[in-house]
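Take a look at the structure below.
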Amino acid sequence: MSADIRTTLGLRPVINVSGTMTSLGASIVVPEAIAAMAAILPHFVEINALQRQASAVIARMTGGEAGFITASCSAGVSLAVAGTITGPDLLAIERLPETNTEKNEVLLQMGHVVSYGAPVDQAIRIAGGKVVMIGQATSTHRYHMENAITERTAAAVYVVSHHVVDYGLLNLKEFVEIAHARGVPVIVDAASEYDLKIFLAQGADIALYSGHKFLGGPTSGIVAGRKDLVRNAFLQNMGIGRGMKVGKESIYGAMAALEAWETRDHAGIRARETGALVLWKETLDGRPGVTALIEPDPTDNPLDRMRVIIDPQEAHITAWDLAAALRSGDQPIIVRDHEVEHRYFYLDPCNLHPGQEHIVATRLAEELDKARASNAMIATPIEDLSRHRFDGMLRWPD
Ligand SMILES: *Cc1c(COP(=O)(O)O)cnc(C)c1O
């Protein structure tokens, strides 16, 4: 890679070991998707016919009856929920987010009310849904859900994510069983999941994925599932979906990414990721105050990450100051630090270009050596992190 477009643009050449993050440009788009987007951009197409082609690809890949491409998984949540409220009523679709029906309640387990960069419950509310939270943060029992279902229930949303509480809640099979016993459709937000079939196979009526996460497609969302519900979601493009629209390039790019997923060398990619993890472990093992553990993905994706635990007394630096040090510098390295107050961060190998694992190893060693050689402990109060978290955003574009 000689000319890096980021240099031309005055952007920092970040190395992403944090995972698939919207704030970093999601993922490395696969060559098949880039070629597809370039091929279709100069042409006029009948968009709904292209979406019909996408439906066939999505159906084949997910086992659902139909599907379409939208702007994002978050858009998919809104459109799918909207479809369960309006049905195919075109006037009701135009009226959203106002509803003229009582049947607009959407069940969500309290332990699933997460933020993926925006609150999941907001994606439901902008579709006219009234969120009914069931259970408590760390517990949902069958009776919570059974008693929450009434004639006003339009849908039930289930979130699959490392962000959700991972114990004490209803699993998808139970959730589906309870919902279906009362005729309530289940919408699964599976944005980051590798398995394109399992949630529909477990009874979900709609499963939603991000096109730009593990699939390596353009920024997009994939809606898959029961034909009538998918159609009712698709019809929202004449309503709230307009602001979530995708162009021909994203539809065709996402189709290409889906098809490339089928033929991707999954074992080869896994082996490369394992190579990076082993290199980092060798780099970190034996360093004072540093523990490096290779851990499986919490939602069972075929992906391991490295947990780097820092004891500041021994390492002379806190986990968050180490993350900040790696983030500064000529080749900024962005680690996965959303649990950093627990004195660890993760290194995620799934978005690396070949060779970047060595830069990550070198920078880790440099910063740890530097801290260890200094007598003063680098320890910014953790409260400063939360206090200043949104400073940059609130100053944007300055
Ligand atoms: C990333 C993510 C989203 C958002 O996906 P977008 O396609 O970026 O809108 C929604 N839900 C979960 C569980 C996610 O991980």
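The values are calculated or read from the model by the stated rules, or taken from the named source; none is laboratory data. These figures come from a predicted structure and were not determined experimentally. Every residue, glycine as well, gets a Cβ built from its backbone with ideal geometry; the counts of neighbours run over all protein chains shown. Keep in mind that these areas ignore ligands, DNA and RNA; they rest on the heavy atoms of the full protein, side chains included. Shrake-Rupley method; radii C 1.70, N 1.55, O 1.52, S 1.80 Å.
Residues checked against (1) part of a strand (DSSP E or B); (2) in contact with a Gly (Cβ under 6 Å, 6 or more places away or on another chain); (3) on the phi < 0 side of the Ramachandran plot:
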residue: ALA3; (1), (2), (3): no, no, yes
residue: LEU11; (1), (2), (3): no, no, yes
residue: ASN16; (1), (2), (3): yes, no, yes
residue: ALA33; (1), (2), (3): no, yes, yes
residue: ALA38; (1), (2), (3): no, no, yes
residue: VAL45; (1), (2), (3): no, no, yes
Filter region 64-91 down to residues that are closer than 18 Å to ALA191 by Cβ and part of a loop (DSSP other than H, G, I, E, B) and give me whichever is nearest to the ligand (Cβ to nearest atom). SER72
Listed residues VAL340, VAL360, VAL335; which is closer than 19 Å to HIS163 by Cβ, in contact with a strand residue (DSSP E or B) (Cβ under 8 Å, 6 or more places away or on another chain), of a type in the set (Val, Ile, Thr) and not assigned by TED's automatic domain parsing to the domain that holds GLY217? VAL335
Just wondering, is there one or more residues in region 348-360 that are in contact with a Gly (Cβ under 6 Å, 6 or more places away or on another chain) and more than 24 Å from SER27 (Cβ to Cβ)? no
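Taking the criterion of being of a type outside the set (A, V, I, L, M) and within 16 Å of the ligand (Cβ to nearest atom), would at least one residue in region 145-160 satisfy it? Step through it out loud before you land on a result.
So in region 145-160, the residues of a type outside the set (A, V, I, L, M) come out as 146-147, 150-153, 158.
Next, only the ones that are within 16 Å of the ligand (Cβ to nearest atom) stay: 158.
Yes: region 145-160 contains one or more residues that are of a type outside the set (A, V, I, L, M) and within 16 Å of the ligand (Cβ to nearest atom).
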Looking only at region 277-286, which residues are among the charged types (D, E, K, R) and assigned to a helix (DSSP H, G or I)? LYS281, GLU282
Subset of region 159-204 (residues that are acidic (Asp, Glu) and within 21 Å of SER72 (Cα to Cα)): ASP189, GLU193, ASP195
Hey, VAL114 within 16 Å of the ligand (Cβ to nearest atom) and touching a Gly at 6+ places or on another chain (Cβ under 9 Å) or not: no
Scan region 22-37 residue by residue and report those that are within 16 Å of the ligand (Cβ to nearest atom) and either hydroxyl-bearing (Ser, Thr, Tyr) or surrounded by fewer than 18 Cβ atoms within 10 Å (Cβ to Cβ) (or both). THR22, SER23, LEU24, GLY25, SER27, ILE28
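Working carefully through the options ILE40, ILE85, ILE5, find the one that is in contact with a Phe, Trp or Tyr (Cβ under 6 Å, 6 or more places away or on another chain) and open to solvent by 10 Å² or more (accessible area, probe 1.4 Å). Reasoning before the result, please.
Details: ILE85 fails: in contact with a Phe, Trp or Tyr (Cβ under 6 Å, 6 or more places away or on another chain); ILE5 fails: in contact with a Phe, Trp or Tyr (Cβ under 6 Å, 6 or more places away or on another chain).
Answer to the selection: ILE40.
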Output for region 130-176, where each listed residue is in a strand (DSSP E or B), open to solvent by 30 Å² or more (accessible area, probe 1.4 Å) and farther than 30 Å from GLY19 by Cβ: LYS130, VAL132
In the set ALA271, ALA319, ALA267, which member is small (Gly, Ala, Ser), farther than 30 Å from ALA36 by Cβ and more than 20 Å from the chain's Cα centre (by Cα)? ALA319
Going by the conditions given, is ILE40 under 21 Å from the mean Cα position of the chain (by Cα) and more than 16 Å from the ligand (Cβ to nearest atom)? no
Note on region 284-308: residues more than 20 Å from the chain's Cα centre (by Cα), of a type outside the set (D, E, K, R) and open to solvent by 30 Å² or more (accessible area, probe 1.4 Å) are GLY286, PRO288, THR291, LEU293, ILE294
Quick check, is THR99 β-branched (Val, Ile, Thr), more than 16 Å from the ligand (Cβ to nearest atom), more than 30 Å from MET393 (Cβ to Cβ) and open to solvent by 40 Å² or more (accessible area, probe 1.4 Å)? yes
Subset of region 370-394 (residues that are open to solvent by 60 Å² or more (accessible area, probe 1.4 Å) and either over 16 Å from ALA325 (Cβ atoms) or of a type in the set (Lys, Arg) (or both)): LYS370, ARG372, ASN375, PRO381, GLU383, SER386, ARG387, HIS388, ARG389, PHE390, MET393, LEU394
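Every residue in region 309-323 that is in a strand (DSSP E or B) and buried (at least 23 other Cβ atoms within 10 Å of the Cβ), please. Full working, then the answer.
The initial filter retains those residues of region 309-323 that are in a strand (DSSP E or B), namely 309-310, 317.
Matches in region 309-323: ILE310, ILE317.
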